[in-house]
1. For the range 232-258, which positions are open to solvent by less than 50 Å² (accessible area, probe 1.4 Å) and of a type in the set (A, V, I, L, M, F, W, C)?
2. Go through the range 233-279 residue by residue and tally those that are within 18 Å of Arg306 (Cα to Cα) and of a type in the set (A, V, I, L, M).
3. Tell me, please, whether a residue that is surrounded by fewer than 15 Cβ atoms within 10 Å (Cβ to Cβ) and not acidic (Asp, Glu) can be found in the range 262-280.
4. Please work out which residue is nearest to the chain's Cα centre (by Cα), limiting yourself to the range 344-373 and to residues that are farther than 10 Å from Leu328 by Cβ and among the β-branched types (Val, Ile, Thr).
5. Could you check how many residues of the range 274-285 are in a helix (DSSP H, G or I) and not hydrophobic (A, V, I, L, M, F, W, C)?
6. Check every one of the strands (runs of 3 or more DSSP E) wholly within the range 1-91 and list those with 3 or more residues that are crowded, with 21+ Cβ neighbours inside 10 Å.
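The values are calculated or read from the model by the stated rules, or taken from the named source; none is laboratory data. Keep in mind the model is a prediction, meaning the values are calculated, not measured. We place every Cβ from the backbone using ideal geometry, glycine too, and count neighbours over all the protein chains shown. Surface areas here come from the heavy atoms of the whole protein model, side chains and all, with no ligands, DNA or RNA. Shrake-Rupley method; radii C 1.70, N 1.55, O 1.52, S 1.80 Å.
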Amino acid sequence: MKDYKVLFVDDDVNILEGFKRSLRRNYSVDTATGAMEGLKAINEKGPYAVVVADLKMPGMDGIQFLGRVRELFPESVRIMLTGHGDLDAAIEAINEGSVFRFLTKPVPPHLLTRTLDDAIAQYRLIVSEKEIMESTVSGVVGALTDVLSMVNEDAMARAARIKRFVRDLAVHMGETDVWFYETGALLSQIGGLALPENIRLKIKNGEKLTPEEKQTFSQHPMIAADIISRIPRLEEMSRMISQQEKYYNGQGFPEDGIRGKDIPLGARILKVVLDYDLLMNRGYSRKNTLLRMLDRKGRYDPAVIRNFIEVLQMEDEYELKQVRINDLVPYMVVTEEIYSLSGMLLLRSGSELSLNQVDKLRNLDETYGVKQPFSVLVPPQKLREKKKAKESG
């Protein structure tokens, strides 16, 4: 069981030391004195398979603490320690789904080890189901993006460009489910399959749409959302995608009366990133793009656009380099189109390289030959490590 980490959180140091002494032979045990120390331990040393917390702690009690753990690390199995007089609170926490089990102090050693074993088994089941689901969904996502790439290269290129901004912005705002935001960004442009080419060109060039064209364009998020809603467990992503053109003040599409923080965070992020990408690809400088966006009162969530500016400032640390295929590593950003020796477009400018794309380009170079060197933005080592840590976490 030492492959799975267990965290005990209590305000009594003696109790924590007792747990550590009695369990360290069979479990990988960490302890934290109080809820805030517990959250710090989870952020710095997690994830934990099991988190065990005392109900009565000063400041943030056990129910509040485990509820926070559930929000940040839903896979961690949560157990509560209670006194005899706190059974009603413990039972309520179980009924609400906040905890897996509760134990009454003092806990007999055999009951504690049996409960920990059950909790670790539950954690393994949760993680296994999540891996299977993500693998299945990733396959569906891959198929959809392949279709989008074949039918509408511009929409696929845009999805690839915005993915890194959406992910980095979500992470910068403290979100932990990197996969959700990255995948939402990639799938947000699926509705572009239904857009006529003349409307796509007008949008790209900043030309005014007719009322009929504007109505047609407004439907593309809903088309994408309808497709995504049919994939199991992607209901929240479908809602995020459906609201991507929604203004923070409630205007825009869809006209449903939702506004402000009732709009999913992913949709608020998408709105900022999509508009930024659109203006940049119309030839505006970064400075003028941001000035135009800041002048659009009521369109964006102020917290999102503020954090986005901070993300862009972090990207100023990137270094522009000329590289060859063998020099490529994940998280580099391609700043020019990459072509085969025969002139076939392999990758559009603005794409952030994943490990799969690096491998794919190397295979293509062996098969067809790739024109090189080419320009990329190289993130600093600390930023690459941060992105890798967020993805693996």
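1. Answer for the range 232-258, where residues must be open to solvent by less than 50 Å² (accessible area, probe 1.4 Å) and of a type in the set (A, V, I, L, M, F, W, C): Leu234, Met237, Met240, Ile241, Ile258.
2. 9
3. Checked against the condition, which is being surrounded by fewer than 15 Cβ atoms within 10 Å (Cβ to Cβ) and not acidic (Asp, Glu), the range 262-280 yields no hits at all.
4. By that ranking, first place goes to Val370.
5. Count: 4.
6. In the range 1-91, 5-10, 50-54, 77-82 are the strands (runs of 3 or more DSSP E) which contain 3 or more residues that are crowded, with 21+ Cβ neighbours inside 10 Å.
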